Amino acid sequence: MSATGRRPAILGGAAAFPDGLPFVRPPVPPLERVTARLAPSYERGMLTNGPLVRELEARTAARLGVAHVVAVSSCTAGLMLAFRALVPSGRVVMPSFTFSASAHAVAWNCLTPRFADCEPDTFQVDLADAAGLLDGAGALLVTHVFGAPARPDEVERLAAGAGIPVIFDAAHGLGAFHCGRAIGGFGDAEVFSLTPTKLVVAGEGGLVATNRDDVAESLRMGRDYGNPGDYDTRFVGLNARLSELHAALALESLAELDDHLVTRRALADHYISALAPIPGVRVQRVDPEDVTTWKDFTVAIDPEAFGTTRDVLVRALRTDGIDTRNYFDPPVHRQQSHAASADRPLPVTERVATEVVSLPLYRSLSPADVDRVVAVVAGVHAEASAVATVAV
Ligand SMILES: *Cc1c(COP(=O)(O)O)cnc(C)c1O
């Protein structure tokens, strides 16, 4: 293995990336295309919730094959409004191995998260564990973790059996497919994010996809304070409108999505084959019937087989100039904001959270960059005990 590894900088080797390799570079389309797209709205003084927002909604609805897409100011706001539309009260069964905003949206609606464990290889919610919590629950929330579909048809069956709605946190999932069906059309609503670290970027923004007319109507009202147009607000909504400026950027970014996905998949495949010979490095498992976006390329480090821990590896990578993220550590039930809902053990989630690290993956990364990142990982494995001694 040391043949393909390079001496880690933490042991005195030359840094693999002396100028640093960032974790993410937002995929921004050319500015002149964005301004050209924006100009007609801008010059009419139409700055929010106008024709560009309508066009973004229509284009994404057609792409996803859903009846409605409602654009909102963020995925978090979209989740908050989806819960407002669908879940009047009760507990929401959901993973802890997700981003904090999934649980925040639940708590902002005065609903209580009930955390289920995750799977060690896919990192998706453990549906058997979730099924055991559904008695008396008000809803099910499932995240498509890192852009890989979370068995959405099984999730739908589980929710239907319990007679409760299901909302997908699809923040990472724009461009993913399960058995040939686009992520976006499952459950009662699926919510995407357009923030700079995601696949399609608006600066800030979100998209809620639903096939339910009543949910779409509630979302449209809800993003506008709960106002259907007569200023007699029907419920306590938000200002969660998407601006025309954000929609112009999102439309140009959306036009690049297919090329972007092809590049990400090629780079992920490159990572997978290059990492394969290194013991103790487990790439997120994606089932053959699924197409993921690889929103994050996340591996789990088994300290026994790899020779040292995730934390030591992360420190060594940083010394080589490589920026990473520990998504999702701490898991939500271990965060101070949701400590009150941490009422049962989640052994797999706790272990996986200590093992995961997301490596750089973005459009402007080259296969040679991937090789260099992997060579550092291989070098850390080859000299694991020496690295562990200095990385304290
Ligand atoms: C980014 C993210 C969100 C929040 O998206 P915003 O658009 O920033 O509100 C929610 N859930 C997951 C899983 C995310 O990664």
Residue-wise HN-Hα coupling along the range 236-243, computed from phi with Karplus coefficients 6.51, -1.76, 1.60 (Hz; x: Gly, Pro): 7, x, 10, 8, 10, 6, 9, 7
Proportion of all alpha-carbon pairs of the chain beyond 32 Å (%): 36
Two-site FRET efficiency, residue 230 against residue 266, from Cβ-Cβ distance with R₀ of 56 Å, rounded to 0.05: 0.60
Residues whose placed amide H lies under 5 Å from that of residue 356, excluding near-sequence neighbours: 301
J(HN,Hα) series, the range 63-70, from Karplus relation 6.51 cos²θ - 1.76 cosθ + 1.60, nearest Hz, glycine and proline x: 4, 7, x, 10, 5, 9, 10, 10
Chymotrypsin sites (Phe, Trp or Tyr not before Pro), loop per DSSP, at most 14 other Cβ atoms within 10 Å - longest free stretch of the chain: 1-230
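So for the range 165-282, what percent of the C-alpha to C-alpha distances run longer than 22 Å? Could the numbers behind the result be given before it?
Values: 3368 of 6903 pairs.
Counting pairs separated by more than 22 Å, the tail of P(r) holds 49 percent.
Could you calculate the FRET efficiency of residue 259 with residue 390 from 1/(1 + (r/R0)^6), where r is the beta carbon distance between them and R0 is 45 Å, rounded to 0.05?
Details: r = 42 Å, r/R0 = 0.93.
Efficiency computed from Cβ-Cβ geometry: 0.60.
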Volume per residue that the Cα convex hull of the range 189-233 spans, once the total is divided by residue count, Å³: 75
Under 9 Å, Cβ to Cβ, from residue 252 - net charge with Lys/Arg +1 and Asp/Glu -1: +1
Distance (nanometres) between label positions extended 7 Å along Cα→Cβ at residue 131 and residue 177: 2.8
Cα centroid separation - the range 31-77 against the range 227-264, whole Å: 6
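Considering every pair of different Cα atoms, what Kirkwood radius, in Å, is found for the range 302-342?
Numbers: mean 1/r = 0.0828 Å⁻¹.
Taking every pair of different Cα atoms in the range 302-342, averaging 1/r and inverting gives 12.1 Å.
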J(HN,Hα) series, the range 265-278, from Karplus relation 6.51 cos²θ - 1.76 cosθ + 1.60, nearest Hz, glycine and proline x: 5, 5, 5, 5, 4, 4, 4, 4, 6, 5, 7, 3, x, 8
Residue-averaged 222 nm ellipticity for the chain, from DSSP H runs of 4+ at -39500 (n - 2.57), nearest 500: -11500 deg cm²/dmol
For the range 327-381 and the range 302-325, distance of Cα centres in Å: 11
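All other residues with a Cβ under 11 Å from the Cβ of residue 122 taken together, and with Lys, Arg as +1 and Asp, Glu as -1, what is their net charge?
Numbers: positive: 151, 282, 285; negative: 119, 121, 126, 287, 290.
Within the 11 Å Cβ shell, the charges total -2.
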Residues with amide H under 5 Å from that of residue 173, placed H, sequence gap 5 or more: 193
Principal semi-axes in Å for the range 205-272 [√(5λ), Cα gyration tensor, largest first]: 36, 14, 9
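If we count every other residue with Cβ under 11 angstrom of residue 147's Cβ, Lys/Arg +1 and Asp/Glu -1, where does the sum land? Show your work: numbers first, answer last.
On the way: positive: 198, 264, 265, 295; negative: 290, 296.
Neighbour charge sum, excluding residue 147 itself: +2.
Take the Cα pairs of the range 258-392, get the Kirkwood Rh, then feed it into Stokes-Einstein at 4 °C and 1.567 mPa s and tell me D in µm²/s. Please list the in-between numbers first.
Values: Rh = 15.9 Å.
The Stokes-Einstein estimate is 81 µm²/s.
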Gain upon complete extension [residue 311, residue 121; 0.36 nm per residue less C-alpha separation]: 66.5 nm
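For residue 368 and residue 28, calculate 0.36 nm times their separation in residues minus their Cα-Cα distance, and state this gained length in nm to one decimal. Working shown, then result.
On the way: separation 340, 0.36 × 340 = 122.40 nm, distance 2.22 nm.
Length gained, residue 368 through residue 28: 120.2 nm.
Readers should treat all values here as calculations from the given coordinates under stated rules, not as data from a laboratory. Since the model is a prediction, treat every value here as computed from it, not as a measurement. FYI the Cβ positions are ideal-geometry reconstructions off the backbone, even for glycines, and counts take in every protein chain you see.
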